[in-house]
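The values are calculated or read from the model by the stated rules, or taken from the named source; none is laboratory data. Computed from a predicted structure; not experimentally measured. Backbone-built Cβ (ideal geometry, glycine too); neighbour counts: all protein chains shown.
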Amino acid sequence: MSDFKPASASHTVMTELMIPSYANFSGKIHGGIVLSLMDKVAYACASKHARGYCVTVSVDTVDFREPIEVGELLSLHASVNYVGRSSMVVGIRVTAEDVSKGVVRHTNTSYFTMVAKGEDNQPREVPGLLLETEEELRRYIEAIKRIELKEHYRDAFDNERSGLNLDAQLHLLEGRRCQLAEGLFGQEGRRTDK
Ligand SMILES: CC(C)(COP(=O)(O)OP(=O)(O)OC[C@H]1O[C@@H](n2cnc3c(N)ncnc32)[C@H](O)[C@@H]1OP(=O)(O)O)[C@@H](O)C(=O)NCCC(=O)NCCS
């Protein structure tokens, strides 16, 4: 397959009113509701680009910096930022609108990696991405940088973990809000508290 599709062909916006049943015990919108909507819009966007079934493979960090209120109108804007062979990185920008005041605020942004699957349930090649604007070019390059950084982080962490010596790392506990339970390391206690 060697065709290319523009991001504009799969750009997807989903809008949902934040109703009281979406609230948590403190009356703010439950984070899981927002995550579920993000997953849905990522699926809609990726499956439009791939022209078929996709699965979520990876979700980048989602930071909820501000609470979302009951009564706000949530809009999720999704675009394919990057395409590999079978994978697509979908960027999702979430905004919340206070409809009574007409004020729109950006609540969070995240990146979902989706993979297209064929009828045999195996990853299948998707169309390439036709970059039409400077912003799309920037998003594509930023996605490559994020992928490289994730690979670097994964390798570095695997390396750290494989050689991890707990004794040698106990200094990391200093000043942290934890305490070693009596006998955790046997009679000769290796403790940070003196
Ligand atoms: C994702 C999945 C298809 C990968 O299968 P696989 O046999 O490892 O296939 P591949 O190694 O060929 O990977 C396929 C693509 O996924 C990408 N991928 C795999 N793991 C990834 C990860 N952790 N983060 C980002 N991309 C990933 C690969 O880079 C590859 O991309 P490319 O085709 O664009 O080069 C498989 O792990 C799967 O089906 N997972 C379950 C997904 C699911 O059910 N999601 C819903 C969760 S409830």
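Structure above, values below:
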quantity: Hits in region 110-143 - residues which are outside any strand (DSSP E or B), touching a Lys or Arg at 6+ places or on another chain (Cβ under 9 Å) and either of a type in the set (F, W, Y) or within 15 Å of the ligand (Cβ to nearest atom) (or both); calculated: G118, R124, E125, V126, P127
quantity: Filtered residues of region 22-40 (kept if more than 15 Å from the ligand (Cβ to nearest atom) and either part of a strand (DSSP E or B) or of a type in the set (A, V, I, L, M, F, W, C) (or both)); calculated: A23, F25, K28, I29, I33, V34, L37
quantity: Failed item in (1) over 30 Å from A50 (Cα atoms); (2) outside any loop (DSSP other than H, G, I, E, B), with R177 passing the rest; calculated: (2)
quantity: Lone unmet requirement of (1) closer than 22 Å to D98 by Cα; (2) without any contact (Cβ under 8 Å) to a residue 60 or more places away in the chain for A44; calculated: (1)
quantity: Members of region 75-97 found to be assigned to a strand (DSSP E or B) and free of Cβ contacts under 8 Å to residues at least 60 places away in the same chain, listed by number; calculated: V83, S87, M88, V89, V90, G91, I92, R93, T95, E97
quantity: Count - residues of region 144-162 that are under 25 Å from V90 (Cα atoms) and of a type in the set (G, A, S); calculated: 0
quantity: All positions within region 114-130 that are crowded, with 21+ Cβ neighbours inside 10 Å and within 10 Å of V55 (Cβ to Cβ); calculated: M114, V115, A116
quantity: Looking only at region 52-73, and only at residues there that are away from the ligand (no atom under 13 Å from the Cβ) and buried (at least 21 other Cβ atoms within 10 Å of the Cβ), the one that is farthest from M114 (Cα to Cα); calculated: E72
quantity: Residues satisfying the stated conditions in region 1-14, i.e. surrounded by fewer than 16 Cβ atoms within 10 Å (Cβ to Cβ), under 19 Å from the mean Cα position of the chain (by Cα) and not in a loop (DSSP other than H, G, I, E, B); calculated: V13
quantity: Test set (1) within 15 Å of the ligand (Cβ to nearest atom); (2) surrounded by fewer than 15 Cβ atoms within 10 Å (Cβ to Cβ); (3) polar (S, T, N, Q) - S87 fails condition number; calculated: (2)
quantity: Filter pass, K48 being closer than 24 Å to Q122 by Cα and of a type outside the set (S, T, Y); calculated: yes
quantity: Test: residue in region 146-166 that is at pLDDT below 90 and charged (D, E, K, R); calculated: no
